[in-house]
Amino acid sequence: MLSEKICPRLFFALTLLGATLPPPASSQTLKSGEVAVLASYYEIRGSDCLPLRAPRVTITQAPRLGKANVMQTRGQTAGSGRCAYKAVPISQVVYQADRPGDDLLAWEVKYQDKALGTRRYSATVGVTPAP
């Protein structure tokens, strides 16, 4: 289970039925001390809705003003389509804001599906002082 501080609504990129969606907005604003899920990834085989292991996610550029980690958890697929609400293993990129400023981080996602291969993503996080 994820900590209450994590805001899983922020960004989700996923693989569903063998197709990947582009990641949403690549920037986010947080206050010092906040923790946010920047991206979540899962993979499911569309022919029989078989959940595969969570894609392997690696931080390739560490942030300077905060911390980034990759967490493994369980979740559900999106609420539409043939494989709706299927339980799946998920890899998440989690960022903890430490100091104010603009931070940049990057990560790589390796999928089991050879057609998807390896994808690279990045995000800019604006960190403002906590009140």
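Each Cα pair under 8 Å and six or more residues apart adds its separation to the average, and for the stretch 84-125 the resulting relative contact order is 35 percent.
The value obtained for the stretch 45-121, namely the Cα convex hull volume divided by the number of residues, is 106 Å³ per residue. Based on Cα contacts under 8 Å between residues 6+ apart, the stretch 16-131 shows a relative contact order of 34 percent. The modelled label-to-label distance for the pair ASP113/THR29, using points 7 Å beyond Cα in the direction of Cβ, is 3.5 nm. Annotation for the stretch 46-131: trypsin sites (Lys or Arg not before Pro) lying in DSSP loop with at most 13 further Cβ atoms inside 10 Å of their Cβ are ARG53, ARG64, ARG82, LYS114. Taking loop as defined by DSSP and a crowding limit of 14 other beta carbons within 10 Å, which chymotrypsin sites (Phe, Trp or Tyr not before Pro) in the stretch 23-127 fit? Answer in residue order: TYR85. Less than 5 angstrom separates the built amide H of VAL88 from those of GLY75, GLN76, THR77, all sequence-distant by 5 or more or on a different chain.
Where a number appears in this text, it was derived from the coordinates with a stated rule and is not lab data. All figures in this text were calculated on a predicted structure; none of them were measured in a lab. Quick reminder, even Gly has a Cβ in these numbers, built from the backbone with ideal geometry, and neighbours come from all protein chains shown.
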